Amino acid sequence: MSLKFVIIPVTPYQQNCSLLICKNTHKAAIVDPGGDIDTILKVIKTEQAIPEVILVTHGHLDHVGGVVELAKKLSLPIEGPNQEDKFWLDALPSQLQSFGFPHSDSFTPNKWLNNGDIVSFGDQSLKVIHCPGHTPGHIVFFHQQSKLAIVGDVLFNGSIGRTDFPKGDFDTLINSIKNNLWPLGKDVKFISGHGPMSTFGQEMQTNPYVSIKNSESI
């Protein structure tokens with residue numbers, strides 16, 4: 001496999017920031033650097049990675065609180081989320097203040113991402129899948145070659161993302177998981193925004209929110 005990943009829990013919410021590294025070039029993408037920038041930088045140094053881009057799944061503070069600082073420190077472009085999450089990014093300073101997090105300015109990414117877009121670093125490419133429900137502009141990054149998905153707060157090991165935030169919607173989230181993620185295959189492993197990894201196949205069978213009775217039909 002030509003892709004290596006390192007999961008870096010950050011912030012008091014233990015949000016899973018992911019460092020994705022192209023083994024061929026050592027070029028890397030940093031997904032959802034929500035905070036604890038020094039911790040992220042230490043891992044980058046240990047892995048001898050060369051960051052090329054910051055990728056964002058959605059606009060909640062524990063996923064984007066460190067984006068501006070890290071982008072400035074490393075002179076990196078920011079890609080994602082979908083533009084439907086602009087209202088979350090615009091409100092970032094007040095989000096952080098409300099929950100007692102360090103200040104960050106609001107930001108506009110260098111590129112908003114849409115369903116079907118491709119983002120690249122090194123020799124690696126990730127497909128963008130729009131999966132609204134937790135937030136309206138939430139996206140998932142899928143690495144076809146290694147059957148790895150970075151799903152943010154759409155899906156967890158044994159659970160799903162909350163839908164009680166502004167513009168969240170339960171039915172939309174369930175449809176996103178079943179219609180946009182399950183077709184990728186049972187053997188896809190995923191990194192969620194919090195907690196341990198799992199596979200789509202395991203969640204199809206055991207997740208109380210989105211399990212399917214006849215999993216053999218997928």
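Side notes on the structure shown:
- Qualifying positions in the range 10-30 - of a type in the set (D, E, K, R) and assigned to a loop (DSSP other than H, G, I, E, B): Lys23
- Asn175 meets all of the listed conditions (1) in a helix (DSSP H, G or I); (2) touching a strand residue (DSSP E or B) at 6+ places or on another chain (Cβ under 6 Å) but one, namely (2).
- The set of residues in the range 71-91 that are of a type in the set (Asp, Glu) and assigned to a helix (DSSP H, G or I) comprises Glu84, Asp85, Asp90.
- Matching entry among Gly185, Gly137 (being more than 20 Å from Ala29 (Cβ to Cβ) and either within 12 Å of the chain's Cα centre (by Cα) or of a type in the set (Gly, Ala, Ser) (or both)): Gly185
- In the set (1) in contact with a Pro (Cβ under 6 Å, 6 or more places away or on another chain); (2) touching a residue at least 40 places away in the same chain (Cβ under 8 Å); (3) among the hydrophobic types (A, V, I, L, M, F, W, C), Leu126 fails one condition alone, (1).
- Among the conditions (1) free of Cβ contacts under 8 Å to residues at least 40 places away in the same chain; (2) in a loop (DSSP other than H, G, I, E, B); (3) farther than 18 Å from Asp153 by Cβ, Pro33 misses just one, which is (3).
- When Asp187, Asp164 are screened for being part of a loop (DSSP other than H, G, I, E, B), among the acidic types (Asp, Glu) and in contact (Cβ under 8 Å) with a residue 12 or more places away in the chain, only Asp187 passes.
- Here the range 77-96 is the region considered, the condition is being among the hydrophobic types (A, V, I, L, M, F, W, C) and touching a Leu at 6+ places or on another chain (Cβ under 7 Å), and the residue that is surrounded by the fewest Cβ atoms within 10 Å (Cβ to Cβ) is Leu96.
- A count restricted to the range 104-125 and to residues that are exposed (fewer than 13 other Cβ atoms within 10 Å of the Cβ) and either in contact with a helix residue (DSSP H, G or I) (Cβ under 6 Å, 6 or more places away or on another chain) or outside any loop (DSSP other than H, G, I, E, B) (or both) stands at 2.
- When each of Gly137, Gly201 is tested for being in a helix (DSSP H, G or I), at pLDDT 95 or above and in contact with a Lys or Arg (Cβ under 9 Å, 6 or more places away or on another chain), the lone residue that passes is Gly201.
- Residue within the range 115-133 that is out of contact with any strand residue (DSSP E or B) (no Cβ under 7 Å at 6 or more places or on another chain), farther than 20 Å from Ile30 by Cα and not aromatic (Phe, Trp, Tyr) present: yes
- Flag if Ser94 is outside any loop (DSSP other than H, G, I, E, B), within 28 Å of Lys27 (Cβ to Cβ), out of contact with any Gly (no Cβ under 8 Å at 6 or more places or on another chain) and among the small types (Gly, Ala, Ser): no
- Subset tally (residues that are surrounded by 16 or more Cβ atoms within 10 Å (Cβ to Cβ) and either of a type in the set (D, E, K, R) or under 16 Å from Gln97 (Cα atoms) (or both)) for the range 37-66: 9
- Screening Lys147 with (1) on the phi < 0 side of the Ramachandran plot; (2) surrounded by 15 or more Cβ atoms within 10 Å (Cβ to Cβ); (3) not aromatic (Phe, Trp, Tyr) gives one miss only, at (1).
The values are calculated or read from the model by the stated rules, or taken from the named source; none is laboratory data. Computed from a predicted structure; not experimentally measured. Because the Cβ atoms are built from the backbone with ideal geometry, glycine has one as well, and the counts that use them run over all protein chains shown.
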